[in-house]
1. Enter the mean number of other protein chain beta carbons within 10 Å of the beta carbon of each residue in B:74-83, as an integer.
2. Using a simple charge model, +1 on the beta-carbon of Lys and Arg, -1 on the beta-carbon of Asp and Glu, nothing else, what dipole does the stretch B:206-303 show about its Cα centre, in debye to the nearest 20?
3. Take the cross-link list B:K280/B:K338; B:K42/B:K203; B:K203/B:K280 and give me the ones stretching past 21 Å between alpha-carbons.
4. Report the equivalent ellipsoid semi-axes for chain B in whole Å, largest first, defined as the square roots of five times the eigenvalues of the gyration tensor built from alpha carbon atoms.
5. Just checking the output field for B:141-148: average partner chain Cβ neighbours within 10 Å of each residue's Cβ?
6. State the percentage of accessible surface on the stretch A:58-298 attributable to carbon and sulfur atoms; use a 1.4 Å probe and exclude ligands, DNA and RNA.
7. Counting only complete DSSP H runs, which helices of chain A cover 24 Å or more along their long axis at the Cα atoms and score a mean Kyte-Doolittle of 0.5 or above?
8. Cβ neighbours within 10 Å, averaged per peptide: list A:14-24, A:49-59 in order, most packed at the top.
Amino acid sequence: MSGNSALKRSRVRSAWLFLAPMLVVLAMVAGWPLLRTIYFGFTDANLADLGAMKFIGWDNYLARYDGEWSGLLVDLLWWRSVSNTLWFTLFSVTIETILGFVVALVLNAEFPGRGFVRAAVLVPWAIPTIVSAKMWGWMLHDQFGVINDMLMRVGLIHAPIAWAANSETAMWTVVMVDVWKTTPFMALLILAGLQMLPGDIYEAARIDGINPVKVFFRVTLPLVRPALMVAIIFRALDAMRIFDLIYVLTSNSRDTASMSVYARQQLVDFQEVGIGSAASTLLFLVIGIVTVLAITLGKVRLTAEPA
Amino acid sequence: MAEVELKGIRKSFGKIETIHGVDLLIRDKEFVVFVGPSGCGKSTLLRLIAGLETISGGELTFDGVRVNEAAPKERGIAMVFQSYALYPHMTVYENMAFGLELSKAGKAEIDEKVRKAAAILELTPLLERLPKQLSGGQRQRVAIGRAIVREPRVFLFDEPLSNLDAALRVQTRIEIAKLHQDMGVTMIYVTHDQVEAMTLADKIVVLNAGVVEQAGSPLELYEHPANLFVAGFIGSPQMNFIDTEVQAAGSSSVTVTLPGGEAFTVPVDGTTARKGDRVKLGIRPEHLQVGTEADDGKLAGVIEVVENLGESHFIYLRTATGALVTIRANGISSLTAKTNLSVRIPPEACHVFNSDGNALRRLG
Ligand SMILES: Nc1ncnc2c1ncn2[C@@H]1O[C@H](COP(=O)(O)OP(=O)(O)OP(=O)(O)O)[C@@H](O)[C@H]1O
Ligand SMILES: [Mg+2]
């Protein structure tokens, strides 16, 4: 018994020993900046003179001067950026999931040149976001863009559209470019899930003459669901931090500004390190809450399956 | 309910042909077993009949109707896979009912069929379980149940028992035999196991490298193997083959030389044989007689090993010509290694194979 617990103690010790370097690195590169940011959120720090900052409590979030509410929590622009981000996340991830699934199913089938197609599909994902955003920015340009030119030639539109600037199309444009870029990644994650499925049950289904649509919804989907949920959560987290694509395509337009864009604007353009840090802290909280919700709801759905 | 006929069936994967023209008639309600060495094309032939692979040449008919192009479902077959192929996320009940939902059968009818099949296979208490909560034998029964509820015309099994332990294998084998009697459907069964083949089959089809070596009843194959391959494949331990030469041949007997030098006359049709032909004399281990005084034929040598299995024993005998002969007899042997032994060869139990490997017809 005592030998057993001695063994356990030494195991615990070596576990900590192996974990320690990573914990130290994590604390330095993630923990410390996070704590600093949260701390800045409670100060009136300004980029022009960081040394002069004072602790001001919750004032960056919510304050009342002369009967007027001020602070992030009553800033309509902030809430606009929150809703932009959630809207973007919802639509881009949904579309990417559906398209990614279709692509994954195609790539999962046996056909000549499959390896090449698999690699080719990944190209949009491999291009750095800044590059693809710039590329799309030019293609969608209202005067010189190839897209407007093509649509006009086909006769779908009569006058060029400023896709990224027009407040009706800007958000859809961002979603479209993100879908173009990220669907391959989604497809690959789902493909990995599909390849784990046993092949024999599909032959059994063929013997039973079950139609492929039904096989998809009753066999493939339930079996690939765990992998799919991981892919969706992964993508959603990524989408909520969206910055580069939106900033390059539409700069600081309030129609598309995400939480990250808002925080950057406060921090850099307005030099308000305090407010920017408070916004970053809120962003962190929002992502945290959505993640917890997604994981718990996802789990509930997983186990409630009549599996 | 269905007679299956294969006429010159061929199958190629890419440029490589693996089934080289198989002709076979499987009668209604017959239990046919495919046996053969690994890679000989048993599974492929079964999958061609199932419709899981496309036929490259020849014609496949069910009850006289060509089904080459028909989907598995239209052929009215059901198949039990070696790996069971159960849907892992569905209960036993759902696994069995899934294939039925498509047909116009109402819920009540499906329920009745599933419960009936479950009762036959003693699965009733397990209906709400998932496959992962079942033992291997239970999973195999679910797979069989899933096939039963479809009420197929032809039942296909691809090595269904190979993942089960010996005791369960015997039990499930008996259940399958009973099922065949009760359902009265055509069954085609692939196996490696000789005992399964001999006990279950009405007809055994011995395949080798994509061709049928011989098809016939178990006893026919045992008593009248058409060639060396079948003679060596059917029966365990393997038939002994002794290289020898024809001394005299007639329409009712062939006389060969035994390793000891004596002449030995075997009652087989020797019309195609000539004096001086190189032939193989075949004798099964269980037909060699120890301790019987021989005046018609005997084999002498030194015992190498004696294996006592309890209910029977094997003796491995090295003859003067260097050949190793296996002898099998009942009970426990008191003989020991490195002693001399002479055994009787009963002529009526012998086989003779010509230099092409084909058997001369036995008359005994
Ligand atoms: N999909 C395929 N593509 C190419 N060759 C194949 C394919 N399926 C089977 N073969 C080949 O066909 C031959 C027969 O295979 P098959 O699976 O029918 O053998 P088997 O008799 O069932 O063997 P085992 O007893 O090991 O199951 C083998 O040489 C195999 O390599
Ligand atoms: Mg096989």
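The values are calculated or read from the model by the stated rules, or taken from the named source; none is laboratory data. This structure is a prediction, so every number in the text was calculated from the model and none was measured. Here the Cβ positions follow ideal geometry from the backbone for every residue, glycine too, while neighbour counts run over all protein chains shown. What goes into the accessible areas is simple: the full protein's heavy atoms, side chains included, and nothing from ligands, DNA or RNA. Shrake-Rupley method; radii C 1.70, N 1.55, O 1.52, S 1.80 Å.
1. Per residue, the average neighbour count from other chains is 3.
2. Details: 6 positive and 12 negative charges, 54 e Å.
It works out to roughly 260 debye.
3. Where the Cα-Cα span goes over 21 Å, the pairs concerned are B:K280/B:K338; B:K203/B:K280.
4. Output for chain B: semi-axes of 46, 25, 15 Å.
5. Numbers: counts 0, 0, 1, 0, 0, 3, 3, 0.
Across the residues of B:141-148, the mean count of other-chain Cβ atoms within 10 Å is 1.
6. Whole-percent figure for carbon plus sulfur exposure: 70.
7. In chain A, the long hydrophobic H runs are A:2-26, A:76-108, A:170-195, A:221-240, A:273-304.
8. Per-residue mean Cβ counts within 10 Å order the peptides as A:49-59, A:14-24.
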